[in-house]
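Note sheet for the following structure.
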Amino acid sequence: MVQNVLDFLMEYGIWGVVIHSFADAVIFPIPVFFLQVSLSLIDPSSALWIATAGYIACLVGTPVGYYLGKLLGHSVLYKLLKKEWIDSATEMFQKRGEVAIFVGSFTPIPFKVFTILSGCLNYPLWKLIGYAAIGRAVKFYLVGFLFYFYGRMAENMVGHASLYVFLLMIPILLIGLLVRKMRAKKQLMHTANKQAGE
């Protein structure tokens, strides 16, 4: 069934990627990554256009998935997704929503888990879109650039490159969050000292 849908979308080329990417952020259980790789293999010279189309469609679908979660709540999650995906994503959100969204951009967990869950948990939409924009850009364009520059040889590189970028970006993100936390703490102490001096 799923393979039939992928084959159908593949016939539409770049428009198939647009539909799949939008649906990936809302309801479709298979990540658009697979269709992006398949189409980039067929025509590596259009890999960057495919990446751009998928990226834009994903960002358009992100608020749709968010409001789906906001309106229907957890009931829709358990109907659309595997329980272990929901439990894993919920745990990540409770600790660090920003990290969860960014990490979710790279993992095999369908992105809709994070868009719908963000709505269910009333996570700020602007933050969801912001972090999704960064994470999904890296994911889409990593595949796009690899196929554009290396052609069909990139098929063997994509998995390893995604893992390396993921491992590199996580420490950078954590350092950024730590710096932000330290600044907030410093600002709070400054405000407290100022009030104490008055």
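Say whether the condition of being crowded, with 17+ Cβ neighbours inside 10 Å, farther than 18 Å from Y123 by Cβ and polar (S, T, N, Q) is met by at least one residue in segment 14-28. Checking segment 14-28: at least one residue is crowded, with 17+ Cβ neighbours inside 10 Å, farther than 18 Å from Y123 by Cβ and polar (S, T, N, Q).
When N122 is tested against (1) at pLDDT 70 or above; (2) under 17 Å from the mean Cα position of the chain (by Cα), just one condition goes unmet, and that condition is (2). The residue that is nearest to F111 (Cα to Cα), among those in segment 8-31 that are modelled with pLDDT of 85 or more and not in a helix (DSSP H, G or I), is A25.
Annotation note: Cβ proximity below 9 Å between a residue of segment 117-133 that is at negative phi and assigned to a helix (DSSP H, G or I) and a residue that is open to solvent by 30 Å² or more (accessible area, probe 1.4 Å) and of a type in the set (K, R) (sequence gap 6+ or interchain) occurs for S118/K70; S118/K127; G119/K70; C120/K70; L125/K70. Among the conditions (1) in a helix (DSSP H, G or I); (2) over 22 Å from A133 (Cβ atoms); (3) open to solvent by less than 70 Å² (accessible area, probe 1.4 Å); (4) in contact (Cβ under 8 Å) with a residue 12 or more places away in the chain, the only one that L71 does not satisfy is (3). Which condition breaks for I56 when tested against (1) of a type in the set (A, V, I, L, M); (2) within 14 Å of the chain's Cα centre (by Cα); (3) open to solvent by less than 40 Å² (accessible area, probe 1.4 Å)? Answer for I56: the failing condition is (3).
The values are calculated or read from the model by the stated rules, or taken from the named source; none is laboratory data. As the structure is a prediction and not an experimental result, all values here were calculated from the model. Positions of Cβ are backbone-derived with ideal geometry, glycine not excepted, and every protein chain shown enters the neighbour counts. Surface accessibility is based on the protein's heavy atoms, side chains included, excluding ligands, DNA and RNA. Shrake-Rupley method; radii C 1.70, N 1.55, O 1.52, S 1.80 Å.
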